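Structure record follows, encoded as structure tokens.
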């Protein structure tokens, strides 16, 4: 199936119990920047036109290239998309989280137009490798972090994203 996005790449899938699937990834916006997308497809691969705009919801990002690896339900019947954020041709910038409502519209009250970029804020870039949703609905990210100082050798790192998970996430793996 083609999504029709220029320079696009899908990196996360979530089959839906009622049929069809969600697909998340990134594409070039044409202005040297990138956007995160979430698309909903029907069983036959055609777009679910009741979701987003013609089956695709997008959030332009101010920096980086998003590489989603997780699509999880929220308590409000929407969707959380999470993954790493990298420089377009290289190193890690941190983690990107994006929220969409059930109809595929970015939740504008979440971060910047529906997306939040998380970094450690000390000039070093956390390189997210894998984002997982714990059974209790909390997010954990494994990756690497360069050593501070002259020796910038990367070291294993784990980031736990602190958020009000009681209102953001559904009950972990709730079968949706």
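The values are calculated or read from the model by the stated rules, or taken from the named source; none is laboratory data. In this text the structure is predicted, and so the values were computed from the model without any measurement. Quick reminder, even Gly has a Cβ in these numbers, built from the backbone with ideal geometry, and neighbours come from all protein chains shown.
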Condition set more than 16 Å from residue 98 (Cβ to Cβ) and modelled with pLDDT under 90, scope the range 30-41, selection surrounded by the most Cβ atoms within 10 Å (Cβ to Cβ): answer is 30
If you go through the range 42-65 one residue at a time, how many are closer than 24 Å to residue 32 by Cβ, modelled with pLDDT of 90 or more and assigned to a strand (DSSP E or B)? 6
Tell me yes or no: at least one residue of the range 142-165 is within 17 Å of the chain's Cα centre (by Cα), modelled with pLDDT of 75 or more and under 20 Å from residue 14 (Cα atoms). no
Can you name the residue in the range 1-17 that is at pLDDT 90 or above and either exposed (fewer than 12 other Cβ atoms within 10 Å of the Cβ) or over 12 Å from the mean Cα position of the chain (by Cα) (or both) and, of all such residues, is nearest to residue 88 (Cα to Cα)? 14
Run down 27, 89 and say which single residue is modelled with pLDDT under 95, closer than 26 Å to residue 126 by Cα and either touching a helix residue (DSSP H, G or I) at 6+ places or on another chain (Cβ under 7 Å) or part of a loop (DSSP other than H, G, I, E, B) (or both). 89
Of the criteria (1) crowded, with 21+ Cβ neighbours inside 10 Å; (2) on the phi > 0 side of the Ramachandran plot, which one residue 45 fails: (1)
